[in-house]
Amino acid sequence: MLLGTASVGAGIALADAPRVAGPPDDLLKAGTLSPVMPAPELRLHGSDGQPLTLERFRGKVVLLAFGFSNCGEVCPITLATLAGARRKLGADAHDVQVVYVTVDPERDDAAQMRKFLGSFDATFVGGVGSRAEIEVAQKSYGISAVKHTNADGSYSIGHSSSIYLIDRAGGLRAVMPYGHPTDDFVHDLRILLRS
């Protein structure tokens with residue numbers, strides 16, 4: 001289930017953060033954030049067994065998204081799109097890191113996220129943690145996640161599904177809404193990789 005993300009950028013607590021230089025906003029296909037602010041830091045556990053912070057990937061362009069491994073529709077499409085963009089970038093993909101933070105910490109541990117993300121691209125890193133740790137990350141990015149319980153006790157989660165584009169210097173450059181094609185990501189990544 002997809003939740004509206006029109007005001008996602010407004011939910012990010014960056015009002016007093018310093019500006020970060022980068023490419024002109026009108027060149028990107030994604031919705032740009034102005035002024036560009038430092039991306040809120042993550043303090044989670046990575047599906048690769050290492051602490052997960054954005055600082056760890058400084059020097060790379062980061063595509064940050066939120067989802068969960070039991071998602072049947074939106075998450076697999078998003079991850080397939082991002083994996084396709086990395087493939088189209090060829091050797092430049094080395095400088096792009098996809099970070100996918102769970103909105104379902106009760107079911108998604110590091111092993112589960114590693115298996116799920118690995119089916120799309122072995123370089124993708126999942127963010128996991130306690131419910132409290134995940135909620136801090138969600139709040140930092142204005143992510144909404146609502147649990148919907150079925151009659152049989154199973155559940156799904158409707159969540160914000162935009163992808164955050166973070167430049168090499170850690171600047172939160174833009175937000176790409178769900179549904180954009182692979183080529184839009186390739187376009188924007190090439191611009192961010194040059195800056």
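No value in this document is a laboratory result; all are computed from the given coordinates. For clarity, every value in this text was computed on a predicted model and none was experimentally measured. Because the Cβ atoms are built from the backbone with ideal geometry, glycine has one as well, and the counts that use them run over all protein chains shown.
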Task: Nonlocal amide H pairs with Gly126, under 5 Å, H built at 1.01 Å - done: Ser47, Asp48, Tyr100
- [ ] Quick one: compute the contact order of segment 147-195, relative version, from alpha carbon pairs under 8 angstrom and 6+ residues apart, as a percent.
- [x] 25 percent
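Contact order normalised by length for the chain, with contacts defined as Cα pairs under 8 Å and 6 or more residues apart; what percent is it? Don't jump to the answer; show the numbers that get you there.
Working: 383 pairs, mean separation 68.7, N = 195.
Worked out over the chain, it gives 35 percent.
When the chain is fully extended, how far beyond the present Cα-Cα distance does Asp109 get from Thr149, taking 0.36 nm per residue of separation?
Working it through step by step, the gained length comes to 12.4 nm.
Mean residue ellipticity at 222 nm from the helices of the chain, using -39,500 (n - 2.57) per DSSP H segment of n ≥ 4 over the full residue count, to the nearest 500 deg cm²/dmol?
Working: 4 runs with 48 residues, N = 195.
After summing the helix terms and dividing by the residues of the chain, the value is -7500 deg cm²/dmol.
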- [ ] Go through segment 98-107 residue by residue and turn each phi into a ³J(HN,Hα) via Karplus (6.51, -1.76, 1.60, θ = phi - 60°); whole Hz please, and just put x for glycine and proline.
- [x] 8, 10, 10, 8, 5, 10, 10, x, 5, 10
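Count charges around Asp121 for me, please; just the other residues with Cβ under 15 Å from its Cβ, Lys/Arg as +1, Asp/Glu as -1. Walk me through the numbers on the way to the answer.
Numbers: positive: Lys60, Arg86, Arg87, Lys88, Arg114, Lys115; negative: Asp48, Asp92, Asp95.
The answer is +3.
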- [ ] Please give, to one decimal in nm, the separation of the simple spin-label points placed at His94 and Ala169, each 7 Å out from Cα toward the Cβ.
- [x] 2.4 nm
TODO: Just tell me which lysines come within less than 27 Å, Cα to Cα, of Lys60; anything on the same chain fewer than 8 places away is out.
DONE: Lys29, Lys88, Lys115, Lys139
Task: Cα-based Rg of the chain normalised by 2.2 N^0.38 Å, two decimals - done: 0.96
